[in-house]
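Working notes for the structure below.
Coordinate-derived values only; no laboratory data. Here the structure is a predicted model, which means the values were calculated and not measured.
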Amino acid sequence: MNKKPTNSVTVNRRAHFDYVLGDELTVGMSLTGSEVRLIRDHHVQLKGSFVTIRNGELWLNNLTLGAEVAPNIRLLATKKQIIGLEREKVAGSTIVPVKLLGGGRHIKLVIAIGRGKKKYDKRETIKKRDIDRGRF
């Protein structure tokens, strides 16, 4: 029997609340075997993690794997993609991890360019969500 693995997804729900998200980009990750096992067993959290650019490479910081914070993880992207992200970051935006796709043979991370919301923007988001749910 040939089973096709399902795409397990970990979503950073906080990213949509804290940031106005723009273009998304799917990148690979350079992981060890134990990190892969924890991700496939759903022992991962994206909340509080962020992406930095150092020496022309993308790095994922503050990823929670299991009960501890993982060391910085190198992300795999092309030079052209990294240069585009660096240009956006200089303009005042942040690179935010949105989703972790880990069902198949490869584990991928979806990152997005985000601009931080102010407190009144967050209140507007809550108000709109409550109206859509029919609470008012």
Could you identify which residue out of 16, 43, 106 has the top mean-square fluctuation in a GNM of the chain using Cα springs shorter than 10 Å? 106
What the Cα atoms of the chain span along the principal axes, largest first and in whole Å, is 50, 42, 29
If you stretched the chain out fully between residue 16 and residue 37, how much longer would it get, using 0.36 nm times the residue separation minus the C-alpha to C-alpha distance? 4.8 nm
Could you identify which residue out of 48, 103, 56 has the top mean-square fluctuation in a GNM of the chain using Cα springs shorter than 10 Å? 56
Under 16 Å from residue 127, Cα to Cα: lysines that are on another chain or at least 8 residues apart: 117, 118, 119
Using the Karplus curve 6.51 cos²θ - 1.76 cosθ + 1.60 with θ = phi - 60°, what ³J(HN,Hα) values do you get for each residue of region 128-133, in whole Hz, with x for Gly and Pro? 5, 5, 5, 5, 5, 7
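Could you grab the relative contact order for region 51-136? Cα pairs under 8 Å, six or more apart, rounded to a whole percent.
Relative contact order here is 18 percent.
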Placed amide H near residue 107: partners under 5 Å, 5+ positions off or other chain: 29
